[in-house]
Amino acid sequence: MALFSNRHIERIVILTGAGVSAESGLATFRDADGLWEQHDPMTIATPEAFARDPELVYRFYNARRNQLPEVQPNAAHKALARLQQDFTGNVFLVTQNVDDLHERGGSRQVCHMHGELASMLCQSCAAVMPAVADYDSASHCPRCDSRGKLRPDIVWFGEMPYHMETIELQLADCDLFVAVGTSGVVYPAAGFVRQATMHGAMTVEVNKEVSEVTGCFHQQRQGPATVEVTALVQELLAD
Ligand code: OAD
């Protein structure tokens, strides 16, 4: 497609959000059936909420973790993995998602800026460990043995996302920035398109509808991620 054929693209940054996993059957946050339509995020996804009612928070994340074996990566996850494998330049994948569908779709490099359901974090000794069971206030840390100090390894509102230094270096150095299935309301991820543009990158948004930041992109491809990401990857690999 003309957008790419007259540009030299060597370094790509892809940002994904909940929309990339929607067609696998995982609820997004802000769509009509979204998680934050059913739960107030301030009662679940803040350190204060965890301190106030840990059992509620454990139940929420246990349920989401238990859903993972029931869902499969979709064509969008697989297309992005193919791009990472077959593109001659560099493809850096950063996701706000805490599921493991990019990895199971074949991606070998995935930067989880909001943490992962697959791990737990000890608030006492800072150990990060694989999540192997359901957790509650009686769970103890296998490293320091503290009880009630394990929390989901998820970046909550008011906390600093992971890997920001690496992400910013990638944004400063990319020729193409693509955001897939994200509403553009949660920062810092919502600001990545402006950062990439400032450094001279071409920017493309894939979303089934207009997002909060659509106007910041050079191009929007409106439609389901499975269709639009597959087409975009084909174009990039054909160029
Ligand atoms: P949102 O739920 O805010 O947005 C999902 C976006 O995906 C919306 O813009 C939808 O239009 C789009 N979408 C839904 N289905 C799609 C499909 N099949 N194809 C293409 N687009 C589709 O989710 P995020 O933007 O990921 O953070 O939310 C960002 C952060 O807010 C999350 O990481 C989470 C949440 O609070 C934490 O929990 C810390």
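A few points about this structure:
- Calculated translational diffusion coefficient of region 1-131 (25 °C, 0.890 mPa s; Stokes-Einstein with Kirkwood radius over alpha-carbon pairs) equals 148 µm²/s.
- Using 0.36 nm per residue and subtracting the Cα-Cα separation, the extra length available between Thr197 and Glu212 on full extension is 3.8 nm.
- GNM top mover of Leu93, Leu176, Leu35 - the chain, alpha-carbon springs below 10 Å: Leu35
- Axis of helix 54-67 versus longest Cα principal axis of the chain: the two differ by about 50°, to the nearest ten degrees.
- Each part reduced to its alpha carbon centroid, region 193-232 and region 82-106 end up 17 Å apart.
- FRET E, pair Ala138, Ala27, Förster distance 35 Å, beta-carbon r, rounded to 0.05: 0.80
- Computed [θ] at 222 nm, helices only, for the chain once each DSSP H run of length n ≥ 4 contributes -39500 (n - 2.57): -8500 deg cm²/dmol
- Computed over the Cα atoms of the chain, pair by distinct pair, the Kirkwood hydrodynamic radius stands at 18.6 angstrom.
- For the chain, the residue among Val210, Leu121, Gly158 whose Cα projects farthest onto the positive side of the dipole built from Cβ charges is Leu121.
- Label point distance in nm, Leu237-Arg7, each placed 7 Å from Cα along Cα→Cβ: 2.1
- Sequentially through region 222-231, phi angles give Karplus couplings (6.51, -1.76, 1.60; θ = phi - 60°) of 8, x, x, 4, 4, 7, 6, 6, 4, 5 Hz, Gly and Pro residues having no value and appearing as x.
- Diffusion coefficient (Stokes-Einstein, Kirkwood radius over C-alpha pairs, 25 °C, 0.890 mPa s) for region 43-89: 183 µm²/s, rounded to a whole number.
- The chain, dipole about Cα centre (Lys/Arg Cβ +1, Asp/Glu Cβ -1), debye to the nearest 20: 280
- The phi torsions of region 120-129, fed into the Karplus equation with coefficients 6.51, -1.76 and 1.60 and a -60° offset, translate into couplings of 10, 10, 8, 6, 8, 10, 6, 5, 10, 9 Hz, rounded to whole numbers, with Gly and Pro shown as x.
- Per-residue Karplus couplings for region 170-179, computed as 6.51 cos²θ - 1.76 cosθ + 1.60 with θ equal to phi - 60°, are listed in order as 5, 5, 6, 10, 9, 9, 9, 10, 10, 10 Hz, Gly and Pro entered as x.
- Cys residues of the chain counted as unpaired, since no other Cys beta-carbon is under 4.7 Å: Cys111, Cys174, Cys216
- Accessible-area order (highest first, 1.4 angstrom probe) of the listed residues Trp36, Trp156: Trp36, Trp156
- Sparse-neighbourhood loop sites, trypsin sites (Lys or Arg not before Pro) in region 135-211 - DSSP loop, at most 13 other Cβ within 10 angstrom: Arg143
- Amide H contacts for Ala131 (H built 1.01 Å from N in the peptide plane; partners 5 or more residues away or on another chain; cut-off under 5 Å): Ser119, Met120.
The values are calculated or read from the model by the stated rules, or taken from the named source; none is laboratory data. As the structure is a prediction and not an experimental result, all values here were calculated from the model. Positions of Cβ are backbone-derived with ideal geometry, glycine not excepted, and every protein chain shown enters the neighbour counts. For accessibility, only protein heavy atoms count, side chains too; no ligands or nucleic acids. Shrake-Rupley method; radii C 1.70, N 1.55, O 1.52, S 1.80 Å.
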